[in-house]
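The values are calculated or read from the model by the stated rules, or taken from the named source; none is laboratory data. All values derive from a computational prediction rather than experimental measurement. Because the Cβ atoms are built from the backbone with ideal geometry, glycine has one as well, and the counts that use them run over all protein chains shown. Each accessible area value is taken on the protein alone, full model and side chains, heavy atoms only, with ligands, DNA and RNA left out. Shrake-Rupley method; radii C 1.70, N 1.55, O 1.52, S 1.80 Å.
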Amino acid sequence: MTSFRAAAIQMRSGVDPERNAADLAEYVADAAGKGAVYVQTPEMTGALQRDRKALASVLKGEADDVIVRTASALAAKHGIHLHIGSTAIARDDGKIANRAFVFGPDGKMLTRYDKIHMFDVDLDNGESWRESAVYAPGADTVVIDLPFARLGLAICYDVRFPQLFQAQALAGASVISAPAAFTRQTGEAHWHVLQRARAIENGAFMISAAQGGVHEDGRETFGHSLIVAPWGEVLAEAAHADPAIIVADIDPALSAAARAKVPNLKNARPFGLIVENDGEKTRLDVAS
């Protein structure tokens, strides 16, 4: 594994995938021009659309999706690894996937990942989301070997489930990710602490491109794309909600160094949970 330059693209995707693809081409060219060989985009790069019927009207399968086609061409044009944080994809079974892709420098699709954890929440001020009403959850997390690092894939709400990232780290991932469309409300409360926590507890670089600002469909996302080092330092941040590109140089050896200093992944032990109620004890086994 060797040092490399990573870029995270902060977008404000609208409802038109074609227009978002055109924006994507400009952003990727800019990131590649800054020397990035790994470029990541946010969740729902292709379209942010709350209206289900309107979303369904622009959905395509992988073979016909404009973001997939554009990303493949851009990876080949610029000779980079391009990680599409996610886009909505029509599945063969009639359901919709919130799906990430990684493309290699030859334009070949190297892997895909379907978001596992659905954002079903009821927030303050009446803000409510039911992602499971639209998308089918994935079943498997993914790590992939790139020439410069082993990368773990996740999407947005996955960041609240540390066991997913621990599994990736135990599988050798030195770079993990959670490209997102975090709401402004949850982002203001939790974005930074969750991103830094996942990096620190796994001794890994955390790279998370984000959506930001007020979108055409009326939602507001937090922005603040981040690149965090294994010791928890913020290496780069788009400290606002406007479209932006952030870059940082990544040395995977720092992941190994952090894990050597605090080997919590190796030190984890299986344990039980005892529940006491009126003198009665019940013991449950818990995975470490």
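Brief remarks follow.
- Surface composition of the chain: carbon plus sulfur atoms contribute 50% of the solvent-accessible area (1.4 Å probe, protein chains only, all chains present).
- Point-charge dipole on Cβ atoms (K/R +1, D/E -1) for region 27-109, about Cα centre, debye to 20: 140
- Per-residue ³J(HN,Hα) for region 250-263, Karplus 6.51 cos²θ - 1.76 cosθ + 1.60, θ = phi - 60°, Hz, x for Gly and Pro: 10, 10, x, 4, 5, 5, 4, 5, 5, 5, 6, 5, 10, x
- Take the chain with all the other protein chains still there, run a 1.4 Å probe, and you get 44 Å² of accessible area per residue.
- Whole-angstrom gap from region 99-117 to region 1-72, using each part's C-alpha centre: 12
- Reducing region 218-276 and region 142-183 to their Cα centroids gives an inter-centroid distance of 10 Å.
- Unit charges at the beta carbon, dipole of the chain: most positive-side option, Val286, Ala210, Ala136: Val286
- 222 nm mean residue ellipticity, helices alone, for the chain (DSSP H n ≥ 4; -39,500 (n - 2.57); rounded to 500): -8000 deg cm²/dmol
- When you filter the trypsin sites (Lys or Arg not before Pro) in region 89-126 for DSSP loop state and at most 15 other Cβ atoms inside 10 Å of their Cβ, you are left with Arg91, Lys95, Lys108.
- Remark: the chain projects, on average over all directions, an area of 16.4 nm² (convex hull of Cα atoms).
- Charge dipole of region 32-92 about the Cα centre (unit charges at C-beta), most positive-ward option of Met44, His81, Val68: Met44
- Debye, to nearest 20: dipole size of the chain, +1 on Lys, Arg Cβ, -1 on Asp, Glu Cβ: 700
- When the Gaussian network model of the chain links Cα atoms closer than 10 Å, the mean-square fluctuations of Asn98, Asn277, Asn20 top out at Asn277.
- Computing FRET efficiency as 1/(1 + (r/R0)^6) for Asp120 and Ala29, where r is the C-beta to C-beta distance and R0 is 30 Å, gives about 0.20.
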